């Protein structure tokens, strides 16, 4: 029995897709990265509009030099767990930067954002506890549920009444964790956290909010949607990542809970893996500290995000959200074939965006998902919109031929 | 409510998701017969939860392969 034969349907679908003559949307290689917004793909200079590099920090000179210094001072890797030999000065420094950025008493750094959710979700809610999560939660949250032993209940996406009803059906005395996200990454829509958190609290539930797609540009201090909606005293745990606005890799959770630090000793995705390379921790620290005073970048990120949404809408594309709610601007397409065909035309026109399809997307929608960077200019947005139109025209011409 | 009436109502709730128009009975399987994907299952589960004012924990779903098993689970969860 070949264990891989269970994937035959996926293999057939993927080879069918490639047989239609398109480039592989899941096999993009960047042979050179020129800047946060430009790379060489298929030998062509391409505008990157799908990298989550929101604040454009990947090539920041202070960030790079912090990494270089740590690489020389501490070596290429820690070769160990945070609770054994893997905690170096840069790991402590980046956790201090997070505490300063979020104004919290504690910060715990994980090796990836995925592991931060895996660890937090599986460890906070144990046997006999309940997790109540938004149906459109990220795969890392669902996988955290699978790793843990809690009972898992879903509520309809961003639906306050639905959350209220489901919490109301649970035993009053049981431990409950409500898991929310500030910005949902597929459509780029923002959660009504104020109402959702109020409902969670009214049922005695603790709350965890993933702010991966909001760090740096939502709220007065860039802490996320929960800060913008005035919930700093109400949310128990905030989870985030270094692989988006911070511009490197790693994950974290921050909290004011007095017992939060104990998670280091009981959370497997934290203690049974190697810590981040010290150079990564140092780049993250430098970047986080710069994000505390990045008002010009924030303003530009919002400006280019709004302009792209307006430009694509005016050009007749169907947008996933009526208004630009975040730095994710997604275009809806009717089916897989037309989405792949359009994605292919865009890459041939020097635009990289993400192709997203079920089950990653909610409600079976197909998306071309753009994410903006503070490093994009308004001129870049004009070019992006023009190339979307050219790509659509090229497709129409091929169909007519 | 007897399990039979739950089954009858359950079959009604499945109706809108029965895109292939197969005849639904206790032995109808969600994945193999109705070909429901995981997202469609989620919508159906939410509707069933609200119909009987119950929560169907995610952890139960892998064991509920056919309509009859789901009807039994609903009856149990109603208590």
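No lab work stands behind these numbers, since they all come straight from the coordinates. Computed from a prediction, not measured in an experiment: that's the story for all the values here. Note that each Cβ is placed from the backbone with ideal geometry, even for glycine, and that neighbours are counted across all protein chains shown.
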- Note on the structure: Going fewest to most other Cβ atoms within 10 Å around each Cβ, A:1, A:398, A:355 line up as A:1, A:398, A:355
- Query: Shape call for the protein assembly as shown from the C-alpha gyration tensor, a ≥ b ≥ c root eigenvalues: rounded (a/c under 1.5), prolate (a/b greater than b/c) or oblate?
  - Reply: oblate
- Take peptide B:44-56, look around each residue's Cβ out to 10 angstrom, count Cβ atoms belonging to other protein chains, and average those counts. 3
- Item | Using a Förster distance of 35 Å, the FRET efficiency for residue A:23-residue B:13 (Cβ separation, nearest 0.05) | 0.25
- Message: Helix-only mean residue ellipticity at 222 nm, chain A, DSSP H runs n ≥ 4 weighted -39,500 (n - 2.57), per residue, nearest 500. What is it?
- Response: -12500 deg cm²/dmol
- Item | Spin-label model distance (nm) - residue B:35 vs residue A:173, 7 Å beyond Cα toward Cβ | 5.0 nm
- Message: Taking every DSSP beta bridge with both residues inside the protein assembly as shown, roughly what % is antiparallel (nearest 5)?
- Response: 60 percent
- Message: Below 8 Å, C-alpha to C-alpha, sequence gap of six or more: please give me the relative contact order for chain A in percent.
- Response: 23 percent
- Please give the helix B:3-14 orientation as an angle from the longest Cα principal axis of chain B, in degrees from 0 to 90, rounded to the nearest 10. 40 degrees
- With springs only between Cα atoms under 10 Å, which of B:58, B:36, B:13 fluctuates most in a Gaussian network model of chain B? B:58
- Note on the structure: Once both label points are put 7 Å beyond Cα along the C-beta direction, the residue A:69-residue A:15 separation in nm becomes 5.4 nm
- Task: Would you mind computing, in nm to one decimal, how far apart the modelled labels at residue B:51 and residue A:45 are, each placed 7 Å from Cα along Cα→Cβ?
- Result: 6.0 nm
- Given just the C-alpha atoms of segment A:61-291, how large is their convex hull per residue in cubic angstrom? 107 Å³
- Query: To the nearest 10 degrees, how steep is helix A:378-400 against the longest Cα principal axis of chain A, on a 0 to 90 scale?
  - Reply: 50 degrees
- Message: With angles folded into 0 to 90 degrees, how steeply does helix A:8-19 sit against the dominant principal axis of chain A? Use alpha carbons for both and round to 10.
- Response: 40 degrees
- Using R₀ = 60 Å, calculate the FRET efficiency as 1/(1 + (r/R₀)^6) where r is the Cβ-Cβ separation of residue B:4 and residue A:268; round to 0.05. 0.85
- Message: For a protection proxy built on the mean count of beta-carbon atoms within 10 angstrom, sort A:57-67, A:218-228 highest first, please.
- Response: A:218-228, A:57-67
- Residue with peak Gaussian network fluctuation, chain A [Cα springs, cutoff 10 Å], from A:95, A:173, A:151: A:173
- Task: Would you look at the GNM of chain A, springs on alpha carbons closer than 10 Å, and say which of A:255, A:373, A:81 moves the most?
- Result: A:81
- Neighbouring Cβ atoms within 10 Å as the yardstick, rank A:370, A:267 fewest first. A:267, A:370
- Note on the structure: With bins of 5 Å, the percent of all Cα-Cα pairs of chain B per bin from 0 is 3, 15, 31, 30, 16, 4, 0
- Could you give the distance between the Cα centres of segment A:1-74 and segment B:1-66, to the whole Å? 40 Å
- Message: As an exercise, use a Förster radius of 30 Å and the Cβ-Cβ distance of residue A:195 and residue A:314 to find the FRET efficiency, rounded to the nearest 0.05.
- Response: 0.40
